[in-house]
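Participant: This is the structure I want to talk about, given as structure tokens.
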Amino acid sequence: MAILQPFFCDKSLPKILNFSPTCTTPKVTNLVPTKSKDLVSRSEKHNHKKSYFSVRKHWKKCHAVAEEIIGGLSSSASSDDEQGESVILSPSSQDEVAEYDWTEEWYPLYLTKNVPDDAPLGLTVFDKQVVLYRDGNGEILCFEDRCPHRLAKLSEGQLFDGRLECLYHGWQYDGSGKCVTIPQLPTGAKIPLSACLKPYEVRDSQGVIWIWMSHKTPSNAKKIPWFENFAKPGFRDISTIHELPYDHSILLENLMDPAHVPISHDRTDFTAKREDATALFFEVTERTARGFADRPAKENPCLL
Ligand code: FES
């Protein structure tokens, strides 16, 4: 897991952090909540939209070659979108349930400024491995991190004139995910239409690359978090990325648990003291299938 340290500076953070799905979430690694000073406007930040839809349209017509060859071995392409499950909306009523699909969200993937322009980057979002790279025009693209030929990881390949080249047999893919070069192809033979990559939609917002994980539901731009403070003139960015040796859910649970601070962090900074441990009250201000939000309250039955 990786996390961006100054993410904690934003005032909206408590709400964001507490807004975690109330259902059981899949395992996550390398999820990178980040920001940077490369602030962009709402209209500028969706500059990948057009290209993604042309890629997605193409991908829908084809299936990975390896899947056709080896049958059920790589069935994830079709099962990825079946991620919905029921979540309980109210702890006091088992009847208030709603469907929640974790793929129908944007997830922070990487700092835009840190995406290399000379090599593909392998990242993991929940249990999905993706490859992120800049094509010959500097456009950031994202695909499933496996070659449709023999399933090699494309992130271990290289960029060749803006095309993504698999390290195993040298198949090359253009920005639409279509295979355009197979070195071993006999002269005159056509590249199978099914030799194409599975695309993921990514967008650049406030200096962060966000990824939409659903292939079943069209992306919803309104779901990309917008951090007002980041957009203010003079906002100082000191973004860094920390790799942590555990799942993101561990840290989120920790950050949602202020009761531990006086004890666990006793004298480890300028404010935490174990004698300050006391009852903490919170008011739940929002509860939906996506999770809940709360804020400190003077008194409340919700005791942490
Ligand atoms: S596995 Fe990628 S080209 Fe063969």
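Participant: Hand me the list of strands (runs of 3 or more DSSP E) wholly inside the range 159-259 holding 2 or more residues that are modelled with pLDDT under 95.
Facilitator: 241-243
Participant: Continuing with the same structure: Looking at the range 272-302 only, could you name the residues that are more than 28 Å from residue 223 (Cβ to Cβ) and either at pLDDT 85 or above or surrounded by 12 or more Cβ atoms within 10 Å (Cβ to Cβ) (or both)?
Facilitator: Matches in the range 272-302: 272, 273, 274, 275, 276, 277, 278, 279, 280, 281, 300.
Participant: Just need a number here: residues in the range 228-266 that are in contact (Cβ under 8 Å) with a residue 12 or more places away in the chain and over 30 Å from residue 198 (Cβ atoms).
Facilitator: Total meeting the criteria: 16.
Participant: Looking only at the range 131-150, which residues are within 16 Å of the ligand (Cβ to nearest atom), buried (at least 18 other Cβ atoms within 10 Å of the Cβ) and not aromatic (Phe, Trp, Tyr)?
Facilitator: Scanning the range 131-150 gives 131, 144, 145, 146, 147, 148, 149.
Participant: Has the range 108-122 got any residue that is within 15 Å of the ligand (Cβ to nearest atom), in contact (Cβ under 8 Å) with a residue 24 or more places away in the chain, part of a strand (DSSP E or B) and of a type in the set (Gly, Ala, Ser)?
Facilitator: yes
Participant: Right, another one. Taking into account only those residues within the range 260-271 that are farther than 21 Å from residue 250 by Cα and not hydroxyl-bearing (Ser, Thr, Tyr), which is modelled with the lowest pLDDT?
Facilitator: 270
Participant: Oh, and also: May I ask you to say which residue of 205, 155 is away from the ligand (no atom under 16 Å from the Cβ) and of a type outside the set (A, V, I, L, M)? Explain how you work it out, then say what you get.
Facilitator: Numbers: 155 fails: away from the ligand (no atom under 16 Å from the Cβ).
Checking each option against the conditions leaves just 205.
The values are calculated or read from the model by the stated rules, or taken from the named source; none is laboratory data. Since this is a predicted model, take the numbers as computed values, not measurements. Heads up, the Cβs are rebuilt from the backbone with ideal geometry, glycines too, and the neighbour counts pull from every protein chain shown.
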